[in-house]
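Visitor: Below you will find the structure I want to go over with you.
Each value in this text was obtained by applying a stated rule to the coordinates, not by laboratory testing. Worth saying up front: this structure is predicted, and the values here are computed from it rather than measured. Every residue, glycine among them, receives a Cβ derived from its backbone with ideal geometry; neighbour counts consider all protein chains shown.
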Amino acid sequence: MIRTWTRGAARAGAARVRRAVVFVLPGLWVLGVVGWELCHPTSGQLLQLLAAAPAIACAGTGRRQCVLLGGVCALLALVPFGAAGPGAEPGTRALTCGAILAVIGASYLTAGRRLRLVRELERTREVAAAAQRVLLRPLPPRIDGLVLAADHLSASEGAVVGGDLYEVVGTRHGVRAVIGDVRGHGLEAMGMVAAMLGSFREVVHDEPELAGVLRRLELSHQRHLRERGRGEQPVGGAEAVSPLAEEFVTLLLVQIAQDGSVTALNCGHPWPYRIDRGAVAPVALVAPADPMPPLGLFPLPEELSAVRCGRLEPGSALFLHTDGAVDSRDAAGEFFPLTEALRDSVAAAGSPRGPAPSGVVGEVREALLRHAGGRLTDDVALLMLCNDRARLPARAAGAGRCSLSLGGRGTGGDAS
C-alpha cells in the first residue's frame, strides 16, 4: 500500500512539473526574443520569432493561453525597437503582426480538433474498459467462505482482457473455478474467451459433475469455431484446411466442496500450487494423473473422472496461473521463477496479520513485471482461493482475511 501510494504521488508530482514547464515555456520564449531585441537590436527582424509563441502555448496548455499570448505577441510586433532600419518599416511590422495572427488562428483550430479527438478517445476507452470488465468481470472478495483474489495482464498495449480467462462461481455443488489460456494472445483471442466464459457461467450451475461441465465447454468451443469458419469455402472443389482447426484452449476446472475436498479436470493446463502453513508446493494428487490434451486438439475421452487433489483445510489456499507466468523471460532470457516469487510473497506472513490473497497476487504480479521489464510477450492470469470457512462464525471485523501462517498464527489483509 505504501509503495502504491508513493508511486502515485511521484507520478502526480511529475505531471505537475510537466504542466508548469509547458505553461512557462511560451512566456520565456517571448521574454527571450524581446530581451534579445532590446539588448542587440535587429531592426525588428528577430520579432518574427514571436509567431512561434502562440503555437507553443496552444500545443502545451490550451486555446485560451494561445489567444492571450498571441495577442501580446502581435502587439509587440507593432512596437518599434531600436534604431529605424530596413527591417523596421511599418509595413514589415504589420506583416509580422499578420503572420502572428495567422498562427493564432491555425493553432486555435488545430487545438480544438485535438481536444475533440482526445475527448472521443477517452469515451472510447471508457466503453472498451466497461466491455472488457463485463467479459472478464472482477471477482467478489468472498464466495461461500473462500477468499478470492485475481489479476490479469494482457500482452496487448491498452487492453485489459487478452487470451487468458478465469472465473469463480458458487453453486449447490460447491465452489467451481476455471482458468484457461486460449491459443494466441491479445485482442484476437477475446472471441474464444467470451465463448468459454459465457458457457461456463451458464452450465456450471446445471451440471452436477465436473465432467459434464467440461463436455459442455467442448460443445461451446466447437460451436464457436463453426460460427467463425462459416464464411470459409473450399476453392476449386478441394477441401481446404481451415486455420481454425488449430484453435485450442487449455483449461483447468477446480471444484472445492463444502468439506474442503478438491477435485479437478485438467486439459493441458499447469497444475496449481497449494499454500499451507507457509509452505508452497505444487498440488499433490491423490491419484497420479497426466493432464488431458488441450480442449479442441482431440475429442474428449468417453470416460471422464475428476482427479482428487486432497483437501483444502482452513487457512490453506490454491494458487492458479496460466503458462504466461512461467514462460515470461527477462533481458538475459531467464524464465520467471514463479515458485520462488510465490514463496517470497507468502513469506510476508512473518507479521502478525499475514498476507491476504490479494496481497500475494499483487506481489507476484509486481515481481513478474519487474522480471519482464514491463514488456510481456504473452497474457498472464493469476487466481488465488483461500479457505476461510473456519472463522466465519467468529468474524466481527476484517472480512476477507485468511491466515497463511509461517509456523504461527496470523490473519491476512483485505481481499480485493
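Visitor: Take Asp330, project a point 7 Å from its Cα along the Cβ direction, then tell me which residues of the stretch 365-384 have their backbone nitrogen under 14 Å from it.
Guide: Output list for this probe position: 367-375.
Visitor: Once fully extended, how much extra length lies between Thr171 and Ala279, figured as 0.36 nm per residue of separation less the alpha-carbon to alpha-carbon distance?
Guide: Value of the extension gain: 35.9 nm.
Visitor: Highest first, please rank the peptides 338-348, 291-301, 162-172 by the mean number of other Cβ atoms sitting within 10 Å of their residues. Present the calculation step by step, with values, prior to reporting the outcome.
Guide: Working: 338-348: 18.5, 291-301: 16.5, 162-172: 21.5.
Result, highest mean Cβ count within 10 Å first: 162-172, 338-348, 291-301.
Visitor: Estimate the FRET efficiency between Glu366 and Arg137 by the formula 1/(1 + (r/R0)^6), using the beta-carbon distance for r and 22 Å for R0, to the nearest 0.05.
Guide: On the way: r = 23 Å, r/R0 = 1.05.
Calculated transfer efficiency: 0.40.
Visitor: Taking 0.36 nm per intervening residue step and subtracting the Cα-Cα distance, what contour gain separates Ser261 from Glu340 on full extension?
Guide: 25.8 nm
Visitor: Moving on. For the residue pair Thr377 and Leu121, what label-to-label distance in nm results when each label sits 7 Å from Cα along the Cα-to-beta-carbon direction?
Guide: Label-label distance for Thr377 and Leu121, simple model: 2.9 nm.
Visitor: Quick check on the stretch 256-308: take the gyration tensor over C-alpha atoms, sort the square-rooted eigenvalues as a ≥ b ≥ c, and tell me if it's rounded (a/c under 1.5), prolate or oblate. Could you put the intermediate results ahead of the total?
Guide: Working: a/c = 2.73, a/b = 1.76, b/c = 1.55.
Prolate, because a/c is 1.5 or more and a/b exceeds b/c.
Visitor: Out of the DSSP beta bridges found with both residues in the stretch 253-352, what percent are antiparallel (nearest 5)?
Guide: Values: 15 of 17 bridges.
The antiparallel fraction comes to roughly 90 percent.
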